[in-house]
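Some notes on the structure that comes next.
The values are calculated or read from the model by the stated rules, or taken from the named source; none is laboratory data. This one's a predicted model, so the numbers in the text were calculated from it and none came from an experiment. Here the Cβ positions follow ideal geometry from the backbone for every residue, glycine too, while neighbour counts run over all protein chains shown.
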């Protein structure tokens with residue numbers, strides 16, 4: 001298990017969910033991410049009625065191509081950041 005995921009779960013700072021529940025959160029205006037993703041700045045959001053994924057290295061959003069791993073994952077969480085990395 002990814003070390004960050006272990007630490008967050010240990011501290012009970014996250015509620016993991018399946019992608020369907022995560023989509024519900026996106027519709028409410030939240031951003032989501034997978035705990036499996038090593039770069040903590042990566043998130044998925046809804047922009048211009050499309051699912052977009054952040055690209056922290058370029059500070060841009062790109063179209064999100066959903067993989068089977070994304071669909072079957074149950075480690076989706078609401079993305080929380082004190083300072084947004086995107087401009």
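Quick notes
- Residue match in the range 8-16 (condition: modelled with pLDDT of 90 or more and either surrounded by fewer than 16 Cβ atoms within 10 Å (Cβ to Cβ) or in contact with a strand residue (DSSP E or B) (Cβ under 7 Å, 6 or more places away or on another chain) (or both)): yes
- Among residues of the range 50-65 being without any contact (Cβ under 8 Å) to a residue 24 or more places away in the chain and under 16 Å from residue 22 (Cα atoms), the one that is surrounded by the fewest Cβ atoms within 10 Å (Cβ to Cβ) is 65.
- Subset of the range 66-79 [surrounded by 15 or more Cβ atoms within 10 Å (Cβ to Cβ) and touching a helix residue (DSSP H, G or I) at 6+ places or on another chain (Cβ under 9 Å)]: 70, 73, 75, 76, 77, 78
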